[in-house]
Amino acid sequence: MAANPAPSVVLSSGPAVAATPRIPGSKSITNRALLLAAIARGPSTIHGWLDAEDTRWMIRALRALGLRIDGGDDPRAALTLVGAGGPLGADAAEVLQVGTAGTVARFLLAVLAGSPGASTMDGSQRMRERPMGALVAALREQGAAIVSLGDVDPTALPLRVGPHDAPLRGGEIRLARPASSQFVSALAFSALLAAAPTTIVLEHGTPARPYVDMTLAMIRSFGGDARWRDDASIVVTPAVPPSHAGTLVGQDYVVEPDASAASYFLALAAIRGGRCTIDDLGRDSLQGDATFAHVLGRMGARIQQDARTTVLEGDGRLRGGDFDLSDMPDMTLTLAVAALFAEGDTRITGVGVLRHHESDRLAAVATELRKLGATVDLEQDGLVIHPPTARTPGVVAIDTYADHRMAMAFALAGDVEIRDPGCVGKTFPGYFEELAHATGSARDG
């Protein structure tokens, strides 16, 4: 799998940028499309898919479950597969590994819970620590046989799923505010395989609701029926016999560029000044993170966004402010690094969920910002960044905590050494090469 082989990479400050970066396909959309194609009836072709660690985990797992997926040897070619037309019936002869991919662990678990076979799923040590409890409990209440093979948390990986003698029941599922929007999306996927329509009631909302909107829209694009009944509940129609009412059908599907990946190049132009154009990603995007450009606009950048394109022009002068990122928590690290260069303090709220991602991102970002001279106050669901009056002299070594977003965000700071740059392979293997093309400032150290 592609990754930067160097033990570190040094990035310097530089002049204004003029870039139209090549942004890879969305991880979130790619893995949803793969899973929906796997349980749909007939062939699907997925164009513009992301070739990275998280999507490779999904492809390997689906192949282990008996699905033939062609095209993965050439990331420039489309993926093709013929779906099972319902539950994934095969037992996996090998342990299904998910690495640190939350989308694979949660979404695949939900589909396996609605399938008759038996499989074992495991992941990295960090994935074993990430929350799964509310999802596992809800699936068990639906009738799924899920047993933890670990000795600490009965809901954590590794998990044995199945065999199942009957489909999931459907009916009502009630969730207090979940630890991740992925729980809600996962339950929507499992509901496609249930015996009766399912209503998912969110008693206190969900973090990152645009990701749930993405899931529901993609289910509908494959011919299913999943939608908000009101602001607090989702109704999903089964897509398997005896209903067939929401039958999924294979599609010719085009994956959008990844809005989270695009955020780094937009922020770079805002920080240094210059212009950045992101093609094929505009206000019609399925991704909530596509609106992050307007956060940078509130900091002083000039934004033009039409249905399919986003353009940012900056002059290098930014101002702080208060930003609720509850709908786009993955943008916290990008905004936090931009805040280093802003006039005045920046307060980010609504992102407590980040404590349970690839790293404790709030603690990690605070630690690394302080190395660069900032003062950072950690709050219950966010942080306040007081920009430095003077940057720490010389090149500052940044630890990445095996977290791709830490590496990509702090690369924007300039005059930094990014340790373990290969971690960007999780979602953007060519990130540093693309950054070098945009700025000419990257070199291996």
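Readers should treat all values here as calculations from the given coordinates under stated rules, not as data from a laboratory. All figures in this text were calculated on a predicted structure; none of them were measured in a lab. Quick reminder, even Gly has a Cβ in these numbers, built from the backbone with ideal geometry, and neighbours come from all protein chains shown.
List of remarks:
- When the square roots of the Cα gyration tensor eigenvalues are ordered a ≥ b ≥ c, the ratio a/c for region 18-150 is 1.5 or more and a/b does not exceed b/c, which makes its shape oblate.
- Distance from region 71-112 to region 321-389 (C-alpha centre basis), Å: 34
- Evaluated at q = 0.23 Å⁻¹, the base-10 log of the normalised Debye intensity for region 261-350, with identical point scatterers placed on the Cα atoms, takes the values -1.13.
- Acute angle (nearest 10 degrees) that the helix 361-371 long axis makes with the longest principal axis of the chain, alpha-carbon atoms: 10
- Cα-based Kirkwood hydrodynamic radius, region 27-254, one decimal, Å: 17.1
- Global form of region 147-259, assessed from the alpha-carbon gyration tensor, a/c cut-off 1.5: rounded
- Segment Ala390-Ala363, length gained on full extension (0.36 nm per residue, minus Cα span): 7.5 nm
- Only one residue of Ala374, Val395, Ala364 has its Cα farthest out toward the positive end of the dipole of region 313-395, where Lys and Arg carry +1 and Asp and Glu -1 on Cβ, and that residue is Val395.
- Here region 351-445 is treated as a Stokes sphere of Kirkwood radius computed over C-alpha pairs; at 4 °C and 1.567 mPa s its diffusion coefficient rounds to 92 µm²/s.
- Residues His204, His357, His437, sorted so that the one with the fewest Cβ neighbours within 10 Å comes first: His204, His437, His357
- Normalised by the number of residues in region 122-229, the mean separation of alpha-carbon contacts (under 8 Å, six or more apart) gives a relative contact order of 22 percent.
- The chain: angle of helix 181-191 to the longest principal axis, Cα-based, in degrees nearest 10: 20
- Computed over the chain, relative contact order equals 19 percent, with contacts defined as Cα pairs under 8 Å that lie 6+ residues apart.
- Gaussian network model of the chain, springs between alpha carbon atoms under 10 Å - residue of Ala364, Ala336, Ala239 with greatest fluctuation: Ala364
- Listing Cys276, Cys423 from fewest to most neighbouring C-beta atoms within 10 Å gives Cys423, Cys276.
- A simple count of charges around Val161, restricted to other residues whose Cβ falls under 13 Å of its Cβ and scoring Lys, Arg +1 and Asp, Glu -1, yields +1.
- Listed residues Gly314, Gly25, Gly171, most fluctuating in the chain (Gaussian network, C-alpha, under 10 Å): Gly171
- Cα gyration tensor shape for region 290-436, rounded if a/c is under 1.5, else prolate or oblate: rounded
- Where only alpha carbons of region 81-128 are counted, the Rg and the Dmax (Å): 11.2, 34
- Working note: Debye formula, equal point scatterers on the alpha-carbon atoms of the chain, no solvent; log10 I(q)/I(0) at q = 0.06, 0.12 Å⁻¹ is -0.24, -0.98.
- Extension reserve of the Arg319-Glu379 stretch, reckoned as 0.36 nm per residue once the Cα distance is removed: 19.5 nm
- Summing Lys and Arg as +1 and Asp and Glu as -1 over all other residues whose Cβ lies under 15 Å from the Cβ of Ala144 gives a net charge of +2.
- Cα-based helix-to-principal-axis angle, 209-221 vs the chain, degrees rounded to 10: 50
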